[in-house]
Amino acid sequence: MSLFDDTASDLVSVSDNDQPRSFFSNGGNMRSGNAKNMWIAVYTMLLLWMVNLLLLYLVAKKPSPARWSTVDRDFTAPEGDKNARVSRTNYDRYVQGSRTAQLGFLLLLSSVLISVLGHGASGGTEVLQWIVMALFILWTLAEWVVDSHWLRLAMALLTFPLVAINFGLAFRHGTSND
């Protein structure tokens, strides 16, 4: 028996009945139904992102490089008036939808990871996760129809605070085990 045997037995549980615990505290159970439901929301956003990319690759046609201004990267008319807007193509719609779905996926993924590693998933964090997912789905679908910075601002003001609250709930009891 070595000096490290006691330490190793403290770190690794031998019992099959033990559930993995959160990393920062002895909080929630990582195998709880709440955590599983939060992962479903993340997977749903991943699927939406992949559908957007498939639409982008299969249906949309990339615009010619002449349509893009090299000075300010603003979408302008190919020739003539630099202030004239060109109607959005399917490519533009699906690019913006893909960016929105990607943002939603990354924020939901980070939110579920921090919740599970923090205090643990709870009913509140699960509900916030599903609300944020629903808002991102609406936002992505709206990007296919509407080209508005006001839409992006409004949806960001709705979703970003909810993600921040979800992050805060992960550490509602601090990071100390005491």
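Here Trp39 clears all of (1) open to solvent by less than 70 Å² (accessible area, probe 1.4 Å); (2) modelled with pLDDT of 80 or more except the condition numbered (1).
Restricting Leu162, Leu153, Leu109 to those that are surrounded by fewer than 19 Cβ atoms within 10 Å (Cβ to Cβ), modelled with pLDDT of 80 or more and within 13 Å of Met45 (Cβ to Cβ) reduces the list to Leu109. Exactly one residue among Pro63, Pro78 is open to solvent by less than 20 Å² (accessible area, probe 1.4 Å) and either in contact with a strand residue (DSSP E or B) (Cβ under 7 Å, 6 or more places away or on another chain) or at pLDDT below 85 (or both), and that residue is Pro63. Among the residues of the stretch 133-150, the ones that are in contact (Cβ under 8 Å) with a residue 40 or more places away in the chain and open to solvent by less than 30 Å² (accessible area, probe 1.4 Å) come to 4 in all.
The values are calculated or read from the model by the stated rules, or taken from the named source; none is laboratory data. Computed from a predicted structure; not experimentally measured. Don't worry about glycine lacking a Cβ; one is built from the backbone with ideal geometry, like all the others, and counts go over all protein chains shown. These area figures cover heavy atoms from the full protein model, side chains too; ligands, DNA and RNA do not enter into them. Shrake-Rupley method; radii C 1.70, N 1.55, O 1.52, S 1.80 Å.
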